[in-house]
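See below for the structure under consideration.
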Amino acid sequence: MTTKTKNKVVTICIAVLLAGIFLWCLCRPADAFSDSERRALAQFPELSAETVLSGKFMTEFESYTLDQFPLRDKLRTLKAVCAFYLFGQKDNHDIYLAQGYASKLEYPMKEEAMERAAGRFAYVYDKYLKENDAKVYFSIIPDKNYFLAEANGYPALSYETFFEEMKKDMSFAEYIDITGLLTLKDFYRTDTHWKQENLIPVAGALGEAMGTPLSGEYRVETLDYPFYGVYYGQSALPLAAEEIKYLTSKALENCKVFDFQNNKETTVYDMEKAYGKDPYEMFLSGSLSLMTVENPNATTEKELILFRDSFGSSIAPLFAEGYRKITLVDIRYIHPDLLGRYIEFGGQDVLFLYSTLVLNNGETMK
Amino acid sequence: MLFSSIPFLYYFLPVVLILYFIAPKGLKNAVLLLASLFFYAWGEPKYVLLMIASIIIGYLSGLLIEAFREQRISKIILGISVGINLGFLAYFKYADFFIENFNTVTGLSVPFLKIALPIGISFYTFQILSYSVDVYRGDVPAQKNPVSLAAYVAMFPQLIAGPIVRYANIAEELKERTHSFENFALGIRRFIFGLAKKILIANTLGELCDIFKASEEKSVLFFWFYGIAFALHIYFDFSGYSDMAIGLGRVFGFHFAENFDYPYISKSVTEFWRRWHMSLGSWFRDYLYIPLGGNRVPKARWFFNIFVVWFSTGFWHGASWNFIVWGLYFAVLLVFEKMYLLKKLENSRVLSRVYVLFTVLISFVIFNAADMKEAFTYIGGMFGIGGVPFMTKEFVYYLRSYGVVLLLAIVGATPLVKQTVLKISNRNTNSQKAVNIAEPVLLVLLMLVMTAYLVDGSFNPFLYFRF
């Protein structure tokens, strides 16, 4: 190819590329939602003298062009592949891959956030539990980075210090250590969460420590729908789908679940959510501020109040065997001052069960 | 509007190219002007009027200076034009800096004006000033066509980040220029390479600098790593923008002067400044240093001239003391070199380069500091002052994570790649053909990868929040 020809080829290639993508951007219908990021996508902004003069139109138009760009998810994959394999970067938007697992860097330890979380738990204790003869327990769920980060050269929380700090700040509760009962295999490869089918020993240990032995006899069911966890979309890499397995039994099937947030009865496993955007939300319908699980077949009158994050959704059903009623509270979505309206405190077992991820971002607690 | 954005690349640029190339010759400057005003208004809808006012002042003063040439009044008109344009710059860029220092000195509390800085004001003001002075000096005739002058000042390729294009250099091309496949291909290639420098290297190193600043585990090695990363970041960012501007200019038939010439291979700071932001250096030389008397004056006055020029150079970069200190730091180095060091540096290939890299790296730590306190902390940190550990795990991680990009940046900051490609293509006809075939493929691939990086910039997961 002569230089003259090359100049023509370059001109034509780039002109076609620019004009082609321009036309494609103009012609393609706008998408409403990004499944990979689990968020609504920007739409064409309002065009008016006011929005133009304030610069709002331009800012929103830029977001619109980015969100609605043709082949957006494929381009995000191309970027991730370049970042990891061409430029040798160890993470992409803090998501990294190690030992076949995708995880997100959780670093450094945020002492203020931890203190905020512990402070809110102490507030709940002082307001409702101190005077009510409650047995208060506390346990921390290590996130995937506990098993993965340091061992693979990624920055990690100093977990030992983390646990010690939390124990010190929560001296009003009896600490139950579950770290030795978990391994990396107990977590999904593409998601933050742990697998319910592996949690029987953890639930057993927690129950044992609270004086409620659990037999842990369940049937394992497999959801007939592929599960792509939250890191699948965030990493933008072509990771394989996983299976969601869930534990059930006659007793669990008969449990009555009430969702106070939406004021409706629901079920332990929400099959509508199982086939939705985030199948992990099938466990007690995902992130809800306040709900109860009642087991009419329980052979005890004991009750449990579980202060929890989303990890609690999948383990809570496993406590139903040992408690007539479990109340699940997520104080990220309901202010502790409101709890007195819904819960009659007195004599229950109380378990604060939180993951390191949430505790290290404890500013989200109300 | 930024060159490295989807609205520019896939909306603005295709439309402007189509309109420009289908427009008849007599209307091309008008198309370019309208496109440039739209480009500017996109980011600064209100300040576009300020730029138009500056252009009108420049245009009228040019005509009047020429009309009253050789008369005292032309000098007055020049003074008024320069005064108004510098006044705009002083007001919009420096007002709060002056107020802050006035308050510090007097103990008063004059309220800040909190004026947003109009994008590109430092560049277009200097272009208008150079035009007015050149007309006054008789170096160029005044431009009679307001559209041509406005197209020169507002031309979007160089409007917001330079290079500072001299009117004299493109006056002829504003009248008559060639459009060809060669110009388009060479221009777009330069643009794409500039875009790659910005998106793939500068932005990635910028991320690293942000990570360092936010880190709670700084170490001596991390401070040095940051210093190197920032020095490369600013080079790739700025020279990348200049490449894009020069490339786009070429697409439209203009030949802008070069702005960077591998500054990090310099053997002295004097040489560094002949290779770094060349259009700014030559502007200060021609419109400040030489009018002050340059070096053809007694030694004390010569040094004074150098300090004035470098004070101004630093101040031009931003309304903050660290920019002034940065400029004066170079003044000291340049005086020192002129007096003692230059000859010694010429004799040492290695030491001279180590000296330049070290002094320039320190200068950029000052440049990028939020204030002088931070600058001293960072420079101290590089030498372990303040009980900083030598190394942390965090540093090792980021070295591993950004090492490849850093290495690419180091190689890319030298002429090695360019020389290698030239060597291959000049070897024989077949090599030339291979390079010619590879070029369009590489350019298209680069465009796709950079588009992927830009689109990924919108990555904004709903963290619901950690469930």
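The values are calculated or read from the model by the stated rules, or taken from the named source; none is laboratory data. Remember, it's a predicted structure, so these values are computed and weren't measured experimentally. So basically every Cβ, Gly included, is an ideal-geometry build from the backbone, and we count neighbours across all protein chains shown.
Here are a few things to note about the model shown:
- Among the conditions (1) part of a helix (DSSP H, G or I); (2) within 14 Å of chain A (Cβ to nearest Cβ); (3) surrounded by 12 or more Cβ atoms within 10 Å (Cβ to Cβ), the only one that B:Asn426 does not satisfy is (3).
- On the stretch given as the range A:20-37, residues that are within 10 Å of another protein chain (Cβ to nearest Cβ) and either modelled with pLDDT of 90 or more or assigned to a helix (DSSP H, G or I) (or both) total 7.
- Screening the range B:359-368 for residues that are more than 17 Å from the chain's Cα centre (by Cα) and closer than 17 Å to B:Leu205 by Cβ and picking the one that is surrounded by the fewest Cβ atoms within 10 Å (Cβ to Cβ) gives B:Leu361.
- Pair list, Cβ under 7 Å, 6 or more apart: the range B:34-49 residue within 12 Å of chain A (Cβ to nearest Cβ), other residue outside any loop (DSSP other than H, G, I, E, B) and at pLDDT 95 or above: B:Phe39/B:Phe12
- The listed residues are A:Tyr246, A:Tyr146, A:Tyr188, and the only one of them that is within 14 Å of chain B (Cβ to nearest Cβ), within 19 Å of the chain's Cα centre (by Cα) and not small (Gly, Ala, Ser) turns out to be A:Tyr188.
Okay, residues lined up against (1) in the same structural domain as B:Gly281 (by TED's automatic domain parsing); (2) under 22 Å from the mean Cα position of the chain (by Cα); (3) in a helix (DSSP H, G or I):
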residue	(1), (2), (3)
B:Ser61	no, no, yes
B:Ile65	no, no, yes
B:Leu78	no, no, yes
B:Tyr91	no, yes, yes
B:Ser109	no, no, no
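- Selected residue (only one of B:Ile57, B:Ile73 is surrounded by 15 or more Cβ atoms within 10 Å (Cβ to Cβ), β-branched (Val, Ile, Thr) and out of contact with any Cys (no Cβ under 6 Å at 6 or more places or on another chain)): B:Ile57
- Annotation: of all residues in the range A:58-95 being touching a Leu at 6+ places or on another chain (Cβ under 6 Å) and more than 7 Å from chain B (Cβ to nearest Cβ), the one that is farthest from A:Gly153 (Cα to Cα) is A:Ala80.
- Any strands (runs of 3 or more DSSP E) falling wholly within the range A:217-259 and containing at least 2 residues that are surrounded by 14 or more Cβ atoms within 10 Å (Cβ to Cβ): A:245-248, A:256-259
- Test set (1) farther than 18 Å from B:Asp456 by Cα; (2) more than 7 Å from chain B (Cβ to nearest Cβ); (3) not in a loop (DSSP other than H, G, I, E, B) - A:Pro45 fails condition number: (3)
- Any hit, the range B:396-407, residues being in contact with a Pro (Cβ under 7 Å, 6 or more places away or on another chain), in a helix (DSSP H, G or I) and on the phi < 0 side of the Ramachandran plot: yes
- Qualifying positions in the range B:372-396 - facing another protein chain (nearest Cβ under 10 Å) and out of contact with any Leu (no Cβ under 9 Å at 6 or more places or on another chain): B:Lys393, B:Glu394
- Listed by position, the strands (runs of 3 or more DSSP E) inside the range A:287-366 whose residues that are basic (Lys, Arg) number at least 1 are A:303-308, A:325-329.
- Odd one out for A:Glu272, checked against (1) touching a residue at least 12 places away in the same chain (Cβ under 8 Å); (2) part of a helix (DSSP H, G or I): (1)
- Restricting attention to the range B:433-453, the residues being crowded, with 17+ Cβ neighbours inside 10 Å, more than 7 Å from every other protein chain (Cβ to nearest Cβ) and modelled with pLDDT under 95 number 1.
- Taken together, the criteria exclude B:Lys75 from residues that are over 17 Å from B:Leu288 (Cα atoms) and basic (Lys, Arg).
- The lone exception for A:Pro238 - which of (1) within 14 Å of chain B (Cβ to nearest Cβ); (2) in contact (Cβ under 8 Å) with a residue 24 or more places away in the chain; (3) not polar (S, T, N, Q) it fails: (1)
- Hey, A:Ala98 loosely packed, with under 13 Cβ neighbours inside 10 Å and more than 8 Å from every other protein chain (Cβ to nearest Cβ) or not: no
Per-residue answers, yes or no, for (1) aliphatic (A, V, I, L, M); (2) at pLDDT 95 or above; (3) under 18 Å from the mean Cα position of the chain (by Cα):
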position: B:Ala214; (1), (2), (3): yes, no, no
position: B:Phe225; (1), (2), (3): no, yes, no
position: B:Ile228; (1), (2), (3): yes, yes, no
position: B:Phe238; (1), (2), (3): no, no, yes
position: B:Ala257; (1), (2), (3): yes, no, yes
position: B:Tyr264; (1), (2), (3): no, yes, yes
position: B:Lys267; (1), (2), (3): no, no, no
position: B:Phe272; (1), (2), (3): no, yes, yes
position: B:Ser279; (1), (2), (3): no, no, yes
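- Wholly enclosed helices (runs of 4 or more DSSP H) of the range B:129-204 bearing at least 2 residues of a type in the set (A, V, I, L, M, F, W, C) and away from chain A (no Cβ under 14 Å): B:146-154, B:156-159, B:167-175
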